[in-house]
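Asks: Let me give you the structure first, and then I'll get to my questions.
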Amino acid sequence: MVTEIEAEKAISTILEYIEPGQSNREGLDNTPSRVVNSWKEIFAGYHQDPAVVLSSTFNAEDYDGIVLLRDIEFHSTCEHHLQPFAGRAHIAYIPVEKIVGISKLARIVELHSRRLQNQERITKGIADDLEQHLQPLGAAVIIEASHGCMKCRGVKKQNSIMTTSAMRGVFFEKSDARTELMQLIRSTPLS
């Protein structure tokens, strides 16, 4: 396992690569340490367990409609270029016997986004966790994000948005369930 000191030395090497002969200037004092400390927060998802996040459930009390938490903002880091990407997630499920507190839905998004990622894996991972730990009638995840690797390098397309989805159970099998979900996602936000 790499130590913090080894990670800081690696950052120092990268700084020397970016700005040869200037890595000792005042503005870069302690930058390696600050970067490593910021990574503890940015990549905290590696130290969280979905089973723990989704373990606090409640009796669904015969509720059988869609439970949707939409517009969950998130930030992640692309594993291909180490560039940030950010957007919003919409996650839904139809309970059978148990519901989960709404903050847990936001936390499961954070768990998956706080890792080196690609958007497809975040989408699938959240849907997998909802299915495994809540055993709902259906689960759905839709993520819309803007990617730094598209904005500041390569094709440089500033306004592109990538959308991914995972539909499970009734959301996959029944078009009317998908239609209702999409209508709820597009409904006017509270003011």
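Asks: Can you give the helix-only mean residue ellipticity at 222 nm for the chain, where every DSSP H stretch with n ≥ 4 adds -39500 (n - 2.57) and the sum goes over all residues, rounded to the nearest 500 deg cm²/dmol?
Replies: About -12000 deg cm²/dmol.
Asks: Cross-link candidates for K151: which lysines have Cα within less than 25 Å, leaving aside residues fewer than 8 places away along the same chain?
Replies: Counting by Cα, and skipping residues close in sequence, K151 has these lysines nearby: K124.
Asks: How big is the chain by the Kirkwood estimate over distinct Cα pairs, in Å?
Replies: Evaluated over the chain, this radius sits at 18.6 Å.
Asks: Can you give me the angle between helix 119-134 and the longest principal axis of the chain, using Cα atoms only, in degrees from 0 to 90, rounded to the nearest 10?
Replies: Approximately 50 degrees, to the nearest 10.
Asks: Something else now. Which angle between 0 and 90 degrees, to the nearest 10, do you get for helix 4-18 versus the longest principal axis of the chain when only C-alpha atoms count?
Replies: 70 degrees
Asks: Something else: Can you list residues whose amide H is under 5 Å from L137's amide H, if they're 5+ apart or on another chain and H is modeled 1.01 Å from N?
Replies: Result for L137 returns I94, V96.
Asks: Here's something else I'd like to know. Can you sort K156, K9 so the residue with the fewest Cβ neighbours within 10 Å comes first?
Replies: K156, K9
Asks: Which lysines, on any chain, are close to K9 with Cα under 17 Å apart, when same-chain ones fewer than 8 places away are left out?
Replies: Answer for K9, where 17 Å is the Cα cut-off: K40, listed by chain and number.
Asks: Cα centroids of segment 7-77 and segment 78-135: how far apart, whole angstrom?
Replies: About 15 Å separates the Cα centre of segment 7-77 from the one of segment 78-135.
Asks: Using just the C-alpha positions of segment 100-191 as equal point scatterers, what log10 of I(q)/I(0) does the Debye formula give at each q in 0.14 1/Å?
Replies: -0.62
All of the numbers you see were taken from the coordinates with simple rules; none came from a lab. Bear in mind the structure is a predicted one, so any value in this text is a computation, not a measurement. Ideal geometry is used to build each Cβ from the backbone, glycine not excepted, and the neighbour counts take in all protein chains shown.
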